[in-house]
1. Across region 272-298, what is the number of residues that are closer than 19 Å to E244 by Cβ, touching a Ser or Thr at 6+ places or on another chain (Cβ under 7 Å) and charged (D, E, K, R)?
2. All but one of (1) surrounded by fewer than 20 Cβ atoms within 10 Å (Cβ to Cβ); (2) in a helix (DSSP H, G or I); (3) touching a helix residue (DSSP H, G or I) at 6+ places or on another chain (Cβ under 8 Å); (4) at pLDDT 95 or above hold for E370; which doesn't?
3. Working only within region 304-322, note down all residues that are open to solvent by less than 10 Å² (accessible area, probe 1.4 Å) and either over 19 Å from G380 (Cβ atoms) or touching a His at 6+ places or on another chain (Cβ under 6 Å) (or both).
4. Sort out which residues of region 275-328 are outside any helix (DSSP H, G or I) and of a type in the set (G, A, S), and write them in order of number.
5. What pairs can you find where one residue is in region 26-40 and more than 20 Å from I133 (Cβ to Cβ), the other is among the aromatic types (F, W, Y), and their Cβ atoms are less than 7 Å apart, with a gap of 6+ or different chains?
6. Restricting attention to region 378-390, does a residue exist that is open to solvent by less than 20 Å² (accessible area, probe 1.4 Å) and in contact with a Cys (Cβ under 7 Å, 6 or more places away or on another chain)?
7. Taking region 187-217 as the region of interest, how many residues are in contact with a His (Cβ under 7 Å, 6 or more places away or on another chain) and more than 16 Å from T147 (Cα to Cα)?
8. Consider E270 carefully, then state whether it is in contact with a Lys or Arg (Cβ under 6 Å, 6 or more places away or on another chain), loosely packed, with under 14 Cβ neighbours inside 10 Å and not in a helix (DSSP H, G or I).
Amino acid sequence: MAVTIQSVVPKSPAARAGVKAGEVLEAINGHPINDALDYGFYCYERTLTLDLGNRKVKVRKRDDYDDIGLNFETYLMDKKHSCRNKCVFCFIDQLPPGMRETLYFKDDDSRLSFLQGSYITLTNMTDSDIERIIRMKLNVNVSVHTTNPALREKMLCNRFAGDVLRYLKQMADGGIVMNCQIVLCRGWNDGEELRRTLTDLLALYPAVQSIAAVPFGATKFREGLPEIMLHDKQSAGEAVDIIESFGKKMLAEFGERVVYPADELFITAERELPPSGYYGAFDQYENGVGMWSYMRDGFTEALADMDGDEREIKLTIATGKLAAPLMEQLAGKVREKFPGAEIRVVAIKNRFFGETVTVAGLTTGRDLTEQLLPYKGQLGSRVLIPGAMLKADEDIFLDDMTLGQAEELLGVPIVPNGSEPEELLECILQS
């Protein structure tokens with residue numbers, strides 16, 4: 001597949017070589033260019049010959065890592081690959097109608113797994129795709145869920161879902177490093193099935209670098225979808241015990257746990273969350289594994305390095321139900337060191353998706369404002385919210401309410417903060 005050059009960066013190596021916008025890039029040094037992975041991989045050499053269809057152009061770079069300066073219509077050069085499955089636990093299938101169109105896209109693109117860290121099921125991949133991953137040494141994240149082929153076909157509603165499990169060993173043998181994910185569905189892939197999956201995946205260590213088990217999440221819009229029970233204290237505790245047993249064995253043999261329960265499993269099981277050191281390199285942080293401990297321990301350390309004083313602090317922290325107890329705990333530490341601090345923590349119930357959804361990142365602007373309005377005039381100088389409540393790089397909530405509209409309703413500034421503990425502490429203490 002040839003790709004059309006959208007624009008050429010002025011004074012770039014490609015511009016100096018005379019490459020023009022609108023020309024079609026077919027190959028680099030004789031290698032066909034199909035997408036961003038091919039382009040990035042074959043642009044590595046110092047001297048490049050670009051096949052532009054009707055002519056060839058030689059481009060020279062000062063350094064192997066220099067960008068030659070070509071821009072294309074899309075980041076990947078073609079369309080994102082969408083998911084071919086109908087997973088019984090799929091969150092997107094539980095969305096109500098009428099939301100913005102991009103929220104309904106099911107990503108299952110191996111290229112984005114390498115470039116952006118997304119997870120793939122392997123079901124829309126071919127042998128040649130796997131060969132390319134191995135040839136280019138592209139580490140990937142894989143949504144495994146179960147290594148029982150028949151159960152995987154049932155859970156993903158895809159008759160090929162079991163067969164493609166062979167790609168895991170093929171990639172491991174090819175030196176590919178994988179982070180794996182298990183969405184743990186009570187009565188489906190827990191118990192003995194979980195033991196089987198962990199046994200099979202850990203047999204591929206160190207190619208399988210880490211495994212996260214995250215609990216199934218349900219919205220109130222599951223009509224017509226398979227029945228899956230939510231985890232309770234007992235089932236979450238049983239899952240944690242299984243995962244811990246495998247983790248302890250890996251720690252004793254190899255010096256790292258490799259397999260981790262998501263924070264939500266610990267919380268549902270009413271277990272104390274481990275210290276930050278438990279999570280090693282935090283390979284599964286974006287999967288909700290170790291977030292609580294990282295914030296708690298980092299915040300506590302940063303606060304311990306500060307001298308308390310009598311400054312007056314009055315603000316509100318609004319977050320999801322899952323993180324609210326942690327925020328209250330951290331607020332208490334601030335109050336101890338800064339007696340003039342008045343910090344209200346409000347756990348926002350998710351009425352839009354249903355109260356079984358407890359993560360802050362799925363909070364809508366309407367839920368936030370409606371539940372803070374009773375405190376209007378008592379919110380303090382500002383309201384702190386997790387940055388995850390907003391669309392990436394935009395001040396828009398999931399329901400398309402803007403940050404400005406929410407501020408107007410509440411009458412105070414709303415300050416998004418990131419996931420770093422020092423940033424949260426700074427946001428709380430600023431005057």
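1. Qualifying residue count, region 272-298: 1.
2. (3)
3. G320
4. G280, A281, G288, G290, G308, A318, G320, A323
5. Short answer, once both residue conditions are applied: N29/Y42.
6. yes
7. The total comes to 1.
8. On the way: in contact with a Lys or Arg (Cβ under 6 Å, 6 or more places away or on another chain): yes; loosely packed, with under 14 Cβ neighbours inside 10 Å: yes; not in a helix (DSSP H, G or I): yes.
Yes: the conditions hold for E270.
The values are calculated or read from the model by the stated rules, or taken from the named source; none is laboratory data. The shown structure was predicted, so the numbers you read here are calculated from the model rather than taken from an experiment. Here Cβ is always computed from backbone atoms with ideal geometry, including for glycine, and neighbour counts include all displayed protein chains. All accessible areas refer to the heavy atoms of the entire protein, side chains included, with ligands and DNA or RNA removed. Shrake-Rupley method; radii C 1.70, N 1.55, O 1.52, S 1.80 Å.
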